[in-house]
Amino acid sequence: MFKVLVVDDDPTVREALSLLLEDEGYRVLKASNGREGVQAARAEQPDVILLDFEMPVMTGPDALVQLKKDPATA
């Protein structure tokens, strides 16, 4: 099954995107900040990551840098 990781600090946005994607048959993984998103991406190897820009703990751009550095998520 196609896996999508939704990374957003706004729970309303995160849940809305998750519901829309699940209705289309995707398996949805969720994270509430960039650090959690990087950890989830490494653990679950999603096919696609929807990454918010402004988040606490680690921003979207900072998470993207970390994901690109790791051969498993690059």
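A few remarks follow.
- Estimated from helices alone, the mean residue ellipticity of the chain at 222 nm is -14000 deg cm²/dmol (sum of -39500 (n - 2.57) over DSSP H runs with n ≥ 4, per residue).
- Per residue, the range 1-67 exposes an accessible area of 58 Å² to a 1.4 Å probe, with every protein chain left in place.
- Listed by chain and number, the lysines placed with their C-alpha closer than 18 angstrom to that of K30 are K3; residues fewer than eight positions away on the same chain are left out.
- The chain - percent relative contact order, Cα under 8 Å, separation 6 or more: 35 percent
- Whether the chain is rounded, prolate or oblate, judged on the alpha carbon gyration tensor where a/c under 1.5 counts as rounded: oblate
- Rolling a 1.4 angstrom probe over the chain with all protein chains present gives an accessible area of which 54% lies on carbon and sulfur atoms.
- Longest site-free stretch - the chain; sites: GluC sites (Glu not before Pro), DSSP loop, at most 13 other Cβ within 10 Å: 25-53
- Only protein heavy atoms count here; under a 1.4 Å probe, M58 has an accessible surface of about 40 Å².
- Charge tally in the Cβ shell below 15 Å around V38, where Lys, Arg are +1 and Asp, Glu are -1, V38 excluded: -2
- Antiparallel beta bridges, as assigned by DSSP with both residues in the range 1-69, represent about 0 percent of the total such bridges.
- Of the residues V57, V38, the one with the largest accessible area comes first in the ranking V57, V38, computed with a 1.4 Å probe on protein heavy atoms.
- Ordered by solvent-accessible area of protein heavy atoms (1.4 Å probe), largest first, the residues S18, S32 come out as S32, S18.
The values are calculated or read from the model by the stated rules, or taken from the named source; none is laboratory data. Because the structure is a prediction, the values reported are computed rather than measured. All Cβ positions, even for glycine, are placed from backbone atoms using ideal geometry, and neighbour counts span all protein chains on display. These accessible areas exclude ligands, DNA and RNA; they are computed on the full protein's heavy atoms, side chains included. Shrake-Rupley method; radii C 1.70, N 1.55, O 1.52, S 1.80 Å.
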